[in-house]
1. With a cut-off of 8 Å between alpha carbons and a minimum separation of six or more residues, what is the relative contact order of the stretch A:2-276 in percent?
2. Provide a whole-number value for the mean count of partner chain Cβ atoms within 10 Å of the Cβ atoms in peptide B:71-78.
3. Checking understanding here: applying a Kyte-Doolittle mean of at least 1.6 and a length along the axis of at least 20 Å (C-alpha), which whole DSSP H helices in chain A pass?
4. Would you list the P(r) distribution for chain A, with all Cα-Cα distances sorted into 10 Å bins from 0 and each bin expressed as a whole %?
5. Past 19 Å, Cα to Cα: identify those pairs from A:Lys90/B:Lys52; B:Lys27/B:Lys175; B:Lys3/B:Lys68; B:Lys40/B:Lys181; B:Lys3/B:Lys27; A:Lys185/B:Lys129, in the order given.
6. Which values, in whole Å and largest first, are the semi-axes of the equivalent ellipsoid of the stretch B:5-161 obtained as the square root of 5 times each eigenvalue of the Cα gyration tensor?
7. What Kirkwood radius, in Å to one decimal, follows from the Cα pairs of the protein assembly as shown?
8. Using helices alone, what [θ] at 222 nm do you get for the protein assembly as shown, with -39,500 (n - 2.57) per DSSP H run of 4 or more residues, divided over all residues and rounded to the nearest 500?
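None of the figures in this text is laboratory data; all of them are computed from the coordinates on show. Everything numeric in this text was worked out from a predicted model, so none of it was measured. Here the Cβ positions follow ideal geometry from the backbone for every residue, glycine too, while neighbour counts run over all protein chains shown.
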Amino acid sequence: MIILLLNAFANGILYGGVLALLAFGMNLIFGVLNVIHLAYGQCVMVGLYVIYVLTVMLGIPLLLSCLIAIAVSSILGVLIHLLTVRPLLKAQLLNQLIALVGVMIVLENLALAIFGGDFLAIQLIFPVFSVGNVFIKISMLIPFVCSIVTLAFLWLFLNKTYTGLAIRAVVQDTETASLMAINTKRIYLITFVIGGILSGIAAACLAPIYSVHPHFGSAFTLTAFVIVVVGGCGNLVGGFIASFIIGIISQVGGVIFTTEIGELLVYVILMLVILFRPQGLLGVRVKA
Amino acid sequence: MLKVEGISASYGKFNVLFEISIEVGQKSTVITIGPNGAGKSTLLKVISGLLKPTSGNITLHGERIDDKEPYQIIELGISVVPEGGRIFSELSVYENLKIGTYVKRARKILNRRILEIFSLFPILQERQKQMAGSLSGGERQMLAIARALMSQPTIIMLDEPSCGLSPLVVKNVFKLVDRIKAEGYSILLVEQNVSRALELADYAYLLESGRVQFSGKREDFVQNPYVKKSYLGM
C-alpha cells in the first residue's frame, strides 16, 4: 500500500506540473482582464486535434506537429481576444463570460462536426523506469519537464522585461498602469497570445497522455478554473502551488479510494477553500 | 506649454466641469484649489486622458492631446501622481521606479536616472528591494512622486498629494514638491490644503462647482477678499 501511495504521489507531482501549465494561462488572463477564459480547455483541445491531424493523418514528425499546434493556438488566442473579448471590454463582465461560453460551444461542436465523437490518440508508447519502488512513466515525465521549463521562462519574462513588468502592473491597477504610458489594450492582446501559446504547449504535453474527443476541453477548463480559485484568483504563485495540491490529491485519492472519488476530492477541496479561505491560498482579501 | 481651453466633462449624464480654461507655463507652478467635489481631480483625469471631455480642447506644446489615449499623452511628457499615490503595492520599490521609465524615451536612462532619484530620496534606495506595500503612508507618496519623476517629464501633475497624511508627513510632502519646483519642473498641483499650496504657487485657480471662479498670480490671489474669507480664514 505504501508503495502504491508513493507511486501515486510521484504521479501527482508530475500531473501537477502539467496542471500548473494549464492553469497558468487562465490565471494570467484572469489577473490582467478579470475574465475567466471559459473556452480555455477547448483551446487545448484544438491543439490536440491539430497534433493528431498532423502526426497521424499527415505523418509529420511529432515535435514539428507540436510546434505548429503552438502557433495555431496562439493565433486562436488572438482571434478569441479580437472577436469576443475586445469588443466587450467596456461592457459588463458577465457579457464577456457569456461570449466565451459561446466560443466554447462553437469549438466543441466544430470538433464534433469535423472529427465525430470518437476518442483519437496519437498512439505513442513510452518506456517506464523505476527509482527504487517508484515507477515513473516517461510519458508523464517529459510533459512535466516541459511545463516546468516553460513556467521558468515565463517567470523570467514577467520579472525581467518591461512588457512583463507592465503585465504585472496592469494586474494590480489598470488605470494607474495606463498613467505609466502602458498601452493596456496591447497588454490585453499580449496576454491572450501568451495564453494561446500556453494552451498550445499544454496540448503538446497532454498529447502523449490523453486521447482527444470533442468534450475533452470542458474537464480541463473546469480543473484549471478550480486551480485558479484555490490559488487565489489571479495569484500566479498561488495557482502554481494549487496545481500540485490538486494533482497529488486527485492521484493519491484515486489510489486510496477510486479514480472517481479522487476527482471528487478535488471539488471537496474547492468547496473547503471557498468556505474557509475565499481569497484562495495566497490571495488577498479585497474589502467590498 | 499646457493649455486647457473651454473644457466640459461629465460622468454619464452628470456634468462635472463647465468650460474650464487653465494654462501651465514653462517652469511654473500652478495650483488648483477648491472644495470637495469641485471637479479638481476630474480636471486632471481629463488632461491625462482617463476621461474624455465633451467639449473644448487641450494642447501640449501646441499639439492637441484631448483625443489621445492616456499612454500617448504620458509619452508626450506629462507625469501624473494620482490621488493617494496609487503605487503598485505588490511590486518592489525598485520595480515601481522602473515602471516610471516605461515611456520609450526614458528606458535608456533607467540606470542613470535611478541613481539620481536615489540621491534625492535616500530612503527609497534603502528600501528598493521591499514590496512597495510595506511602506508607510508618507513613503508611498514619496515613491509615487519619485516614480513620476523617473521619465524626466516636462510637466508633473499631482492630485492632492497631502490627502490622508498626518500633519508632519504633509509638511514633508510639500517640502518635496518645493524641491521638484526648484529642479525646474512645471507643476500642476491640485490641493485642498490651500495655505500650504499657495506658498508654492506662481499662479492659482479657484474651482467651485465645476467652474473657475477666480484665478490670478499668487500675490493677487491671496489678496482676493472672497478667497481670503472662504479659504484662508482671514
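1. Values: 417 pairs, mean separation 108.7, N = 275.
About 40 percent, as a whole number.
2. Values: counts 11, 2, 3, 5, 2, 1, 0, 2.
Mean shielding by partner chains, rounded to a whole number: 3.
3. Those that clear 20 Å and a mean of 1.6 are A:2-33, A:62-80, A:93-115, A:138-160, A:216-231, A:236-256, A:259-276.
4. For chain A, the pair-distance distribution reads 7, 28, 36, 23, 7, 1.
5. Numbers: A:Lys90/B:Lys52 15 Å; B:Lys27/B:Lys175 17 Å; B:Lys3/B:Lys68 15 Å; B:Lys40/B:Lys181 21 Å; B:Lys3/B:Lys27 14 Å; A:Lys185/B:Lys129 29 Å.
Distance filter (> 19 Å) returns B:Lys40/B:Lys181; A:Lys185/B:Lys129.
6. Numbers: eigenvalues 174, 62, 35 Å².
For the stretch B:5-161, the semi-axes come out at 29, 18, 13 Å.
7. On the way: mean 1/r = 0.0388 Å⁻¹.
For the protein assembly as shown, inverting the mean 1/r across all distinct Cα pairs yields 25.8 Å.
8. Details: 21 runs with 290 residues, N = 522.
Helix-only estimate at 222 nm: -18000 deg cm²/dmol.
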